[in-house]
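The numbers here are math on the coordinates, done by the rules we state, and not lab data. This one's a predicted model, so the numbers in the text were calculated from it and none came from an experiment. Because the Cβ atoms are built from the backbone with ideal geometry, glycine has one as well, and the counts that use them run over all protein chains shown.
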Amino acid sequence: MNEFLVRLYPAAYRAAHGQEIIDVHREMTADLSRPARLRADADLLAHALRVRSGLDPASPAGRFFALAAPFALAASAVECGLRVTRWYAGLVFPPGPVRAHLLFLDGAECLFMLLSLLVCVGAVIALTGRWRPGVGVAVCGLAPRPWEGSKPPGCFSTRVPPSAWRPAAGISGGAGAVRVPTRAPAPSPA
Amino acid sequence: MSERGMQELALLLLTALANAPRHGYAIAQEVKAITDNRVVPRTGALYGALDRLLAEGLIQVEREEVVGGRARRVFALAPAGRERLEAEAERLAATAREVRRRLADGAAATA
């Protein structure tokens, strides 16, 4: 298992440090329970993938993404928040009872809005101090919609960004939301 | 790393290397001992942090030793890392002094 995990590192890194990492990992996981060992393996896997993708904290790209992540998260949250607001306005403002509109809702659309809401909630959690759980929630909302072509989940580095950047990201995201007025969709002529 | 506060794992790794050079597993064990088992670094997080500290010039590879036919790096605090750790210790001590002073003031006010 350890050998397989280390094979995920880039060849040069593996040649230089692979055996050392295998030995340390083996020693560190020797007395662990099976679930704890799986978590340790997942951590090693994540490190290998970060090094392979050039997003490890030691690389310039990794540092850039660590700084950019709160802003990307705020931008994603604003985008999703606006979408949810427009959807809600489209539900409430047209004439007729809301219940009648709800009856004709498309399942995929509901799921899409739920995922958007998840991104907003995750961003709020992350930008108000609990970065990792917040990013986890937001990525759950972003990951099932790769067709969106918005922010790739990988850009939310696992390195916790400096806390001073998070309010700044939240404020700039909020400013973006204020600048874009939300309107209910115009009623169709029919 | 900025001049604000260091992330906890980085601070603990530098602390583990403050009095002696150590290899990866020994550093992890030292961090466990320092924190009374509160922080148990996993391999990926440990090597990620060590790579970052190496890239920032806060630690250095002192030597490579061969144990059981296998090479492993022995890390040591670099001069910049020692300087940074001293600054961090001073910052933490100043915060602790202020906490004690305010707690004492609060206790005196309520007495």
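With a Förster radius of 22 Å applied to the C-beta separation of residue B:7 and residue B:80, the computed FRET efficiency comes to 0.85.
In terms of surrounding Cβ atoms within a 10 Å radius of their Cβ, A:116, A:53, A:59 rank from fewest to most as A:53, A:59, A:116. Counting only Cβ charges, +1 for Lys and Arg and -1 for Asp and Glu, the dipole size of region A:11-142 around its Cα centre is about 180 debye. Averaged over the residues of peptide B:64-76, the number of Cβ atoms from other protein chains lying within 10 Å of each residue's Cβ is 2.
Tell me whether region A:34-117 comes out rounded, prolate or oblate; compute the Cα gyration tensor, take square roots of the eigenvalues as a ≥ b ≥ c, and use a/c under 1.5 as the rounded threshold. Oblate shape, in that a/c is at least 1.5 and b/c is the bigger or equal ratio.
Neighbour counts of other Cβ atoms within 10 Å put A:9, B:47 in the fewest-to-most order A:9, B:47.
Neighbour counting of Cβ atoms within 10 Å sorts the residues B:43, B:95, fewest neighbours leading, into B:95, B:43. Scanning residues 5 or more positions from residue B:62 or on other chains, those with amide H under 5 Å from its amide H are B:74, B:75, B:76, with H placed 1.01 Å from N in the peptide plane. Taking a spot 7 Å from the Cα of residue B:63 along the direction of its beta carbon, which residues of region B:69-84 have an amide N less than 13 Å from it? What the label zone holds, given the 13 Å backbone N cut-off, is B:72-76. Rounded, prolate or oblate for region B:26-75? Axes are the square roots of the Cα gyration tensor eigenvalues, ordered a ≥ b ≥ c, and the cut-off for rounded is a/c under 1.5. Oblate.
Taken about its Cα centre, region B:1-110 carries a charge dipole of about 240 debye when Lys and Arg each add +1 at the Cβ and Asp and Glu each add -1 at the Cβ. The modelled label-to-label distance for the pair residue B:90/residue A:91, using points 7 Å beyond Cα in the direction of Cβ, is 5.8 nm.
Shielding value for A:23-32 is 5, the average number of Cβ atoms from other chains within 10 Å of each residue's Cβ. Centre-to-centre separation between the Cα atoms of region B:64-85 and those of region A:75-108: 58 Å. Over the Cα atoms of region B:7-111, the radius of gyration divided by the Kirkwood radius equals 1.14; this is the Rg/Rh ratio.
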